[in-house]
Amino acid sequence: MVNILPLFMGHQYQGSPGEEVMTQMGLGMAIAASMVVLTMFQQFLLNHLHGYLERHIRNLFKSMDPNVQIRFTEDSMDGGGPRNYEAYAAIETYLSAKCSAQAPSLKANSVKDIGNPVLCVDVGEWVSDAFNGVKVWWSLVETGEKSKSYGSRKTRYYALKFQKRYREIVVGEYLRHVMEEGKAVAARNRQLKLYSNYSDDDGDYWDYIMDFDHPAKFETLAMEKERKQDIIDDLIRFSTGREYYRRIGKPWKRGYLLHGPPGTGKSTMIAAMANLLSYDIYDLELTAVRSNAALKGLMNRIPCNSILVIEDIDCSSEITNQREKTNQGDEGARKTREKVTLSGLLNCIDGLFSGNDGGRLMVFTTNFKFLLDKALLRAGRMDKHIEMSYCGFEAFRVLARIYLGIEEHALFGRIEELLKEISITPSDVAESLIARGGIGEDHGDDCLNKLIQVLEKQQREDEVNKLRIQAFLEKQQTEEEEEEEDVEAEEVENGEFK
Ligand SMILES: Nc1ncnc2c1ncn2[C@@H]1O[C@H](COP(=O)(O)OP(=O)(O)OP(=O)(O)O)[C@@H](O)[C@H]1O
Ligand SMILES: [Mg+2]
């Protein structure tokens, strides 16, 4: 406050004619000044007292309020940086999946990285959620201030309200649950992508090939139910194994080997895995990688929550025969030496590191498991070996359901008998079951009869082949016996036989 009283007092001591008048004037001015000062003082007291009182009353009410409220603002520039938005988006996704059914008013929104609009809680609505017996309330609040990050938009935040006594569980476990679940829902909804490697003069790179829209799912994969469930359980255990991998102190990664004849569903299973886990696919063409160092670079650039796929690993012949080749000293060997070696691949697999953000799955396929080096097959590199085999009756039933919409049929008995004897790939069975006229029992008759014809034809061919092989073996045995007899006769003739 500016002290103005001495200024007026100063006027009284300057001395001038008409002193009485001046004295009266001075008195008047002094009174007026005191009034002003008093008013200002009152105002000052009021302001401060009011602020003081208000603060204390608010604190008093606060201490009586059994609820706590936390804000999660959308604005990345409002302190906290990008993590603000990350948490806000995770909450939005979580709430849209969990609570939107009970919110009286919803709005369509498009959360970044999800693409499709999702239904969200509208501004001002409160929705409740429960966690381990604790009830909490969420609301979307729009403030009057403009958002620093979104220009014209008003700043928004999610308010979380809960009872004070649950502070520990809500701030700890519940919020972690919301973040994880929100991110998982967002991951499930996001568009999968397919990448492959290429190299140019500057090095080896991953290249985006296309959005991955393969429709394969485990439900449509022809395989025995139990084996299928075992694989699904293993994948889910892996993808949710953050704590487990941290506890045992191993990188969060797992290797699968899918082996079996062509057309048994190895590539189809990879697509089903990607769809189940919502992982992007990094399809590595080993023969296109120029060196071990380049391979290391590529592997290190695979983000978490992805599948690294190396198909037909037995066909990358450099992998199996590299050591001998590098011993040669010629130009050809120099070129080969630049390629990926088995030990280079092993080092990359071993060195593939996954932190806490998500796991990395490696899937290798081969038609000939026996061709692969034992070092590659061991646990830690290929942890789970899955044999993709010929079509059994259980697998056939899956295909009949998918392709024809049939669960039971009079011809199933005959097909079961034939499948016990005949090795046919699911791919060939599927080909017979493609109904040209649509699905249903009528078309089913034709398709199943067609399949029976294919199987019977195969049975006859197998029979003929069996006879041929039998005849060949018998012939070979006779020839060997005749040869032995000739040798013996010769030895007798030469007097060598004892
Ligand atoms: N187990 C299966 N379940 C469902 N469909 C299958 C199965 N196996 C094969 N198919 C069908 O056959 C086609 C070929 O299968 P896929 O490409 O997965 O075989 P593959 O084992 O990868 O063969 P290759 O060794 O030649 O790469 C697929 O398009 C799919 O429609
Ligand atoms: Mg394949």
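Please work out the ratio of the alpha-carbon Rg of segment 410-479 to 2.2 N^0.38 Å and round it to two decimals.
1.48
Suppose R0 equals 60 Å; then what is the FRET efficiency for Arg165 and Lys450 from their Cβ-Cβ distance, rounded to the nearest 0.05? Kindly include the intermediate steps, with their values, before the conclusion.
Values: r = 69 Å, r/R0 = 1.16.
With R0 = 60 Å, the Cβ-Cβ based efficiency is 0.30.
Roughly how big is segment 410-479's charge dipole about its Cα centre, with Cβ charges of +1 (Lys, Arg) and -1 (Asp, Glu), in debye to the nearest 20?
Numbers: 9 positive and 15 negative charges, 43 e Å.
Its charge dipole is roughly 200 debye.
What is the extension gain from Arg301 to Asp462, computed as 0.36 nm multiplied by their sequence separation minus the C-alpha to C-alpha distance, in nm to one decimal? Walk me through the numbers on the way to the answer.
Working: separation 161, 0.36 × 161 = 57.96 nm, distance 4.89 nm.
So the chain would gain 53.1 nm between Arg301 and Asp462.
Evaluate E = 1/(1 + (r/R0)^6) for Asp200 and Asn59, where r is the Cβ-Cβ distance and R0 equals 41 Å; express this FRET efficiency to the nearest 0.05.
Numbers: r = 67 Å, r/R0 = 1.62.
Step by step, r from the Cβ atoms, then E = 0.05.
At what distance in nm do the modelled label points of Val37 and Glu243 sit from each other, each positioned 7 Å from its Cα along Cα→Cβ?
If labels sit at Val37 and Glu243, their model points lie 7.1 nm apart.
List, in the order given, every pair from Lys98/Lys266; Lys193/Lys420; Lys253/Lys339 whose Cα-Cα distance in the structure shown is over 29 Å. Let's see the in-between values first.
Working: Lys98/Lys266 36 Å; Lys193/Lys420 40 Å; Lys253/Lys339 25 Å.
Correct reply: Lys98/Lys266; Lys193/Lys420.
Quick one: which of 164-176, 383-395 comes out on top by average Cβ neighbours within 10 Å, and what's the full order, highest first?
On the way: 164-176: 14.3, 383-395: 17.7.
So the order, starting with the most tightly packed, is 383-395, 164-176.
What is the gain in length, in nm to one decimal, between Glu488 and Glu173 on full extension, counting 0.36 nm per residue of separation less the C-alpha to C-alpha distance? Mind dumping the intermediate values first?
On the way: separation 315, 0.36 × 315 = 113.40 nm, distance 8.69 nm.
Between Glu488 and Glu173, full extension yields an extra 104.7 nm.
Given Cα pairs under 8 Å that are at least 6 residues apart, what percent is the relative contact order of segment 410-479?
Relative contact order comes out at 35 percent.
No lab work stands behind these numbers, since they all come straight from the coordinates. No experiment lies behind these values; they were computed from the predicted model shown. Note: ideal-geometry Cβ built from the backbone for every residue, glycine included; neighbour counts use all protein chains shown.
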